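Take a look at the structure below.
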Amino acid sequence: MKVLEASYDIVIAGGGGAALTCAAAATDLGLRVLVLSKDPLAGGDTKISEGGICVRGCGDPEDTVASFVSNLKIKGDDLADDDIVRAFANDSQHAYAWLRKEGIRPFIRESDGGLRTYPMPLGGHNTVRSIPHANGGLAFAHALSGSWRSRKYDALGDAWMLEVLCGGPVESRHVTGALIYLPVKGELVSVRASAVVLATGGLGSLYFPNTDNTRSNTADGHAMALRAGAMLVDMEQIQFIPFAMARPRAFRGIFVGEPAAAGPLGVLRDGHGRILMSGLMHRTRAEIAAVMAVAVRKGRGTPSGGCFLDLSENARGRSGSLFRQLYSQQNHRCLEVVARAQGREAAAFKAPWEVVPSAHYCMGGVCVDENGAVSGNGALHGLFAIGQVAGGLHGSNRLGSTSLSEILVFGLRAAAAAVKQLDTSAGRDLSGFRSEADAVALGYERMMGRKGVVAPETLIRRLSACAWEKIGPARDADGLHGFLREISGIRKESSLTNIGGDPVWNQSFMDQVELENMLLAAESIARSALARKSSLGAHYRLDSRSGSWAFSQGVAFSNGQWRMSRLKRVVSPFYERCRDKITDGAKRMQIHLLRMLPENLQDRVLVSKYSRWME
Amino acid sequence: MKVSRRRGKSKMDEKKTETTAVSVLHGEERDAMSVGRIQVDCEKGDTALDILMKAKAAQVPDLSFRFGCRNRRCGLCAVEINGEARLGCASEVQHGDCIGPLKSLPIVRDLVVDRSGVDALLAQKTALLKVRRGMAECSPDLFHIELGRCIGCLACLSRCPLHAKNYPLPPLLEKEDFGFSTSEFRFGNPYLFLQLYMMAVTDEPGPDERAKLAAVASELGVETCLSCGGCRCIRGIPVFNLVVTPLLKSVQAL
């Protein structure tokens, strides 16, 4: 293994929005930056997202920081860290302005120079607050690409950070660098750094193919953080988007609509056509996903293990043609997916869509402070986590369009914080670095050329099938204990896998790395899910008991031992929570009443609703 | 409305004894790698990506290929199907088809090609240009939206006579910091021209901007494009009209 002569101030793992924002800001602040991305740069979930970003106040002059904070906290069941939420609400405008200077182009109204927003509040928001972009997430990828290419910093695609290297005594451990695998060159390399930033995204591939995440989301940052001694929080809070294609195989898990896409009159049906749930528009993703998972468990699913989303009622009458128009305006990309996957009849709302929940976002993640600096588990200086891999912002439920702001806000904050902490780490002893790095690299070097009995790929498929069943949208104690035993079994077998000997593009080695990372993440999810005995937010327990909820579940791992802990959280004022419940209840009541109206009247009401939305 | 429940197996589940070939570049020893072909069962509706995943699950556990979103947005899964560059996730295959790597870039293993040469060339040329910065004051127009549809799949390199001039490649050069060898391309390609154009051109490019861009485009060999039928973009972006033609014009004005 090679040790680089060069050293960096900051090494960033990831290649999406959080990584590139942090890299650009850090470069502008004078730091020497290295970005390492498994996939080609400016990709990740950022590139494939819908492209709507949440910016406080962009659609509503009354949208104060306090109102935004309250909205975020309450929808997340107050599991969020107050400091993190406040930082997010304070910085969203500045962060988006930063990206506009880097080249992203929203639509600007000619009448008043304001920015065009989505016409309605996105999922969970209490007001209009989100900005769409032509070409969706691709617009972000291009702006971020420009931000990278117009600056001089080192950024490598096809570069895998394997481990965060740490040193120092227990009371003041600090980051010393990173161990890297370069598959095209076929080399293991270590690099010294004063700060390491994990911007590795989520863990959707743990549930493959029941995910709409990009493939590279294999919990790498979650695992590296755990192995470095950091704590994860809220790992039981995994957001499953309810409406993804259940079939055919090529489309399994691909997103086709938010709850709002059900329209006012869409209903969820089981495999026999019986109604499971109505009023979908104003339900949370978690509620719908749980109902679907339970139905399938009880044997009421469709042939492909999903449910039917029946939108046909929306398409009737005069309002029907407006509904279609509105739909193709707002959701044409999803309709195209439906047409290709399940046919034109389905895309024309004449046949129901066979849908299944899909792992979409991990609200949980590394425990950090409001600048993305790892905190909460003893001293560990110099490690940061930003973007989806970080926890503490969304609590039990992520509001729509917030992840694109999250990557900018915390990318910028982490860069500024890294500059500050650089001063205090000047003069740290880095001479022991080589021997520490060698020791860590040895484990990986030994893997290559290992003759084994099973391919890592086989174990990954077993793990993901099991994860979907046991730590998916519906969980119970028996299933979770069984899953922990399964993980233990897979982990034993993972030490006996067959790995190729050629260091150049060693696919089985790369699969092994991802397998081990996903095993750690899966265990942290299962343990957190067991520890939280009552359903809350995205975490649905079939065997739910009542219990206290104003805490975040923390999980850490050291010396082979798992340690669970609880982080106290600040509960929103009672009257605010009440008001939120009443508002939600009123919306659901409205939809409920609408369904009960005689057809003519219903049609008229809908025509006027749609006409307003289309302006 | 009536919801009918499918009885028994659907047509999709019927097994057909049809196969698609996958080209693999494999072998334990780097110097003894050979190209081979494996046959994979092909069912109706299978995409090229489905075939690769099946092959990995059932036949070659360390089969190397890239993919990301499975939904045509990320561009990672570009491969050649019967010699034509396509997105693996978007292309249905059938009996007798053959899936192989993009031949426009150096093959690393099986279906994985090395993209670093294009990145290196783009980085080199971007450094010579002043990348436009600052908040745009108006909405993007159709031109910008169209250019912004590029997903960086690099399929357009496959039929580009200008990119083809990069071959044979000069000996691998060692880049100082990382000892990271990268194939040094000299000539451009549609993706490269589009990226440079997007970064360097404001709504109304001034004479300075035009001149700099023209110089860089000329270095990249854009004059070759005069005798070309036009760029082939699998997303249908009219790169030749929107990007190459203006570049040619500004080169001629130099």
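List every residue pair whose Cβ atoms lie under 7 Å apart, where the two residues are 6 or more positions apart in sequence or sit on different chains, the first residue falls within the range B:86-100 and is over 9 Å from B:Ala48 (Cβ atoms), and the second residue, located anywhere, is part of a strand (DSSP E or B) and at pLDDT 95 or above.
Close Cβ pairs satisfying both conditions: B:Gly100/B:Val79; B:Gly100/B:Glu80.
Yes/no per residue for (1) more than 10 Å from chain A (Cβ to nearest Cβ); (2) farther than 21 Å from A:Ser508 by Cβ; (3) modelled with pLDDT under 95:
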{"residue": "B:Asp31", "(1), (2), (3)": "yes, no, yes"}
{"residue": "B:Gly45", "(1), (2), (3)": "no, yes, yes"}
{"residue": "B:Leu52", "(1), (2), (3)": "yes, no, no"}
{"residue": "B:Arg72", "(1), (2), (3)": "no, yes, no"}
{"residue": "B:Asp119", "(1), (2), (3)": "no, yes, yes"}
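Among the residues in the range B:56-68, are any closer than 30 Å to B:Arg210 by Cβ and within 7 Å of chain A (Cβ to nearest Cβ)?
No - not one qualifying residue is present in the range B:56-68.
Could you grab me the full set of residues in the range A:76-94 that are in contact with a Gly (Cβ under 8 Å, 6 or more places away or on another chain) and among the small types (Gly, Ala, Ser)?
Passing the criteria: A:Gly76, A:Ala80.
Would the range A:267-274 turn up any residue that is part of a helix (DSSP H, G or I) and either within 11 Å of another protein chain (Cβ to nearest Cβ) or free of Cβ contacts under 8 Å to residues at least 60 places away in the same chain (or both)?
Taking the range A:267-274 first, the residues part of a helix (DSSP H, G or I) are none.
So far as the range A:267-274 goes, no, none of its residues is part of a helix (DSSP H, G or I) and either within 11 Å of another protein chain (Cβ to nearest Cβ) or free of Cβ contacts under 8 Å to residues at least 60 places away in the same chain (or both).
Look at A:Asn126 and say whether it is away from chain B (no Cβ under 14 Å) and more than 25 Å from A:Arg285 (Cβ to Cβ).
No; evaluated as a whole, the condition is false for this residue.
Look through the range B:207-232, keep the residues that are of a type outside the set (Gly, Ala, Ser) and surrounded by 19 or more Cβ atoms within 10 Å (Cβ to Cβ), and return whichever of them is farthest from the chain's Cα centre (by Cα).
Step by step, filter the range B:207-232, then rank; the result is B:Arg210.
If you go through the range A:163-181 one residue at a time, how many are more than 14 Å from chain B (Cβ to nearest Cβ) and not in a helix (DSSP H, G or I)? Full working, then the answer.
First, pick out the residues of the range A:163-181 that are more than 14 Å from chain B (Cβ to nearest Cβ): A:163-177, A:179.
Okay, now just the ones that are also not in a helix (DSSP H, G or I), so A:163-169, A:173-177, A:179.
Here the count works out to 13.
Hey, does the range A:573-593 have a residue that's part of a helix (DSSP H, G or I), at pLDDT 90 or above and small (Gly, Ala, Ser)?
yes
If I filter the range A:275-283 for residues that are buried (at least 24 other Cβ atoms within 10 Å of the Cβ), in a loop (DSSP other than H, G, I, E, B), in contact with a Leu (Cβ under 8 Å, 6 or more places away or on another chain) and not hydroxyl-bearing (Ser, Thr, Tyr), do I get at least one hit?
The answer is no; no qualifying residue exists.
Within the range A:90-105, how many residues turn out to be of a type in the set (D, E, K, R), outside any loop (DSSP other than H, G, I, E, B) and at the interface with another protein chain (Cβ under 10 Å from one of its Cβ atoms)?
2
When only residues in the range A:350-380 that are at pLDDT 95 or above, touching an Asp or Glu at 6+ places or on another chain (Cβ under 9 Å) and not in a strand (DSSP E or B) count, which is nearest to the other protein chains (Cβ to nearest Cβ)?
That would be A:Pro352.
Just one of the numbered conditions (1) more than 28 Å from A:Gly124 (Cα to Cα); (2) modelled with pLDDT under 95; (3) within 14 Å of chain B (Cβ to nearest Cβ) is not true of A:Gly317; which one?
Of everything listed in (1) more than 28 Å from A:Gly124 (Cα to Cα); (2) modelled with pLDDT under 95; (3) within 14 Å of chain B (Cβ to nearest Cβ), A:Gly317 misses just condition (3).
Identify, please: which residue in the range A:163-178 is surrounded by fewer than 24 Cβ atoms within 10 Å (Cβ to Cβ) and within 17 Å of A:Phe384 (Cα to Cα) and is, among those, modelled with the lowest pLDDT?
Among residues in the range A:163-178 that are surrounded by fewer than 24 Cβ atoms within 10 Å (Cβ to Cβ) and within 17 Å of A:Phe384 (Cα to Cα), the one modelled with the lowest pLDDT is A:Ser172.
Considering A:Leu34, A:Leu29, which residue is closer than 20 Å to A:Arg149 by Cβ and either polar (S, T, N, Q) or within 14 Å of another protein chain (Cβ to nearest Cβ) (or both)?
Sole residue among the options that is closer than 20 Å to A:Arg149 by Cβ and either polar (S, T, N, Q) or within 14 Å of another protein chain (Cβ to nearest Cβ) (or both): A:Leu34.
Check whether at least one residue in the range A:50-68 is at negative phi, in a helix (DSSP H, G or I) and touching a helix residue (DSSP H, G or I) at 6+ places or on another chain (Cβ under 6 Å), and report yes or no.
Yes, the range A:50-68 has at least one match.
Within the range A:142-162, track down each residue that is within 8 Å of another protein chain (Cβ to nearest Cβ), farther than 30 Å from A:Pro503 by Cβ and buried (at least 22 other Cβ atoms within 10 Å of the Cβ).
Hits for the range A:142-162 are A:His142, A:Gly146.
Scan the range A:185-227 for residues that are assigned to a loop (DSSP other than H, G, I, E, B) and at pLDDT below 95 and report the count.
2
Quick check on the range A:114-137: of everything there that is small (Gly, Ala, Ser), assigned to a loop (DSSP other than H, G, I, E, B) and in contact with a Ser or Thr (Cβ under 8 Å, 6 or more places away or on another chain), which residue is farthest from A:Lys47 (Cα to Cα)?
A:Gly124
Among the residues of the range A:269-284, write down those that are touching a helix residue (DSSP H, G or I) at 6+ places or on another chain (Cβ under 6 Å) and at negative phi.
A:Asp270, A:Leu276, A:Met277, A:Leu280, A:Met281, A:His282, A:Arg283
Looking at A:Asp511, A:Asp543, A:Asp502, which one is at negative phi, charged (D, E, K, R), part of a loop (DSSP other than H, G, I, E, B) and within 14 Å of chain B (Cβ to nearest Cβ)?
Going through A:Asp511, A:Asp543, A:Asp502 in turn, just one is at negative phi, charged (D, E, K, R), part of a loop (DSSP other than H, G, I, E, B) and within 14 Å of chain B (Cβ to nearest Cβ): A:Asp502.
The values are calculated or read from the model by the stated rules, or taken from the named source; none is laboratory data. No experiment lies behind these values; they were computed from the predicted model shown. As a convention, Cβ positions derive from the backbone with ideal geometry for all residues, glycine included, and neighbour counts pool all protein chains shown.
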